[in-house]
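Structure first, commentary second.
The values are calculated or read from the model by the stated rules, or taken from the named source; none is laboratory data. These figures come from a predicted structure and were not determined experimentally. No Cβ is skipped: glycine too gets one built from the backbone with ideal geometry, and neighbour counts run over all protein chains shown.
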């Protein structure tokens, strides 16, 4: 398991159920004293409750590379001068990689791309206001990083963790839009990734339709800076996993404990 179980105690039948949940990828937030992922699906009374304490991976536990079995997700978020991939440009990109259980394997990389004033002056009202307020416009004018350099570094970073092509799946929020810009400006990055994508916004749209407001997490206060947005997307997908897909995990875990 990628998570390190510090303590596991309780009734034998419940212990099996918790172990089943952990085997299925349920994880607790390392910042919490108690394993919320496991205890949230069990009776949490003082006498009979299972207590699961989970920390981040112990030293040496994280892989240096990831193969198909790890189910790697390559989370990418781009900030652009607009939404037209035929004329607008990527001005910031961040990349962060998780395994299939949404465990972050590295803190990621982020680059602001050197952009001339003409392109920045041509942004629409929303981009002008948002990128100006976040400091990104100013950062683009001061950045030493050309597009070619950034594209090379992004690909090197992905290859460091996923050395074989067509294994890592592109992930993010409305990430099809990012993919169009990447195809136009960093095609070698797109070529290294699998053709499938994991779009968190698809979970949001269907969950809203099926369950209403209760089916979507509280809105996050995004900064519209690339790396912050990626972390927000990962947390959002974790919410869907732990809440919307929760009943499925419990059913499977209960079935496994009876075998």
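Can you find, within the range 72-107, the residue that is surrounded by the most Cβ atoms within 10 Å (Cβ to Cβ) among those that are part of a loop (DSSP other than H, G, I, E, B), within 18 Å of the chain's Cα centre (by Cα) and in contact (Cβ under 8 Å) with a residue 40 or more places away in the chain? Lay out the reasoning, then the answer.
Taking the range 72-107 and keeping what is part of a loop (DSSP other than H, G, I, E, B), we get 72, 81-89, 99-103, 105-107.
Then keep just the ones that are within 18 Å of the chain's Cα centre (by Cα); that gives 72, 99-103, 105-107.
In the following step, the residues that additionally are in contact (Cβ under 8 Å) with a residue 40 or more places away in the chain were identified as 72, 99-103, 105-106.
Numbers: 72: 24, 99: 19, 100: 16, 101: 17, 102: 18, 103: 18, 105: 21, 106: 13.
Once the filter is applied, the top-ranked residue is 72.
Need the failing condition index for residue 137 against (1) under 19 Å from residue 91 (Cβ atoms); (2) in contact with a strand residue (DSSP E or B) (Cβ under 7 Å, 6 or more places away or on another chain), just the number.
(2)
Which residues, counting only those in the range 86-118, are farther than 26 Å from residue 156 by Cβ and in contact with a helix residue (DSSP H, G or I) (Cβ under 9 Å, 6 or more places away or on another chain)?
86, 117
Out of all the residues in the range 57-83, which are within 25 Å of residue 152 (Cβ to Cβ) and at pLDDT 95 or above?
72, 73, 74, 75, 76, 77, 78, 79, 80, 81, 82
For the range 140-154, name all the residues that are free of Cβ contacts under 8 Å to residues at least 40 places away in the same chain, part of a helix (DSSP H, G or I) and surrounded by 17 or more Cβ atoms within 10 Å (Cβ to Cβ).
Correct list: 151 only.
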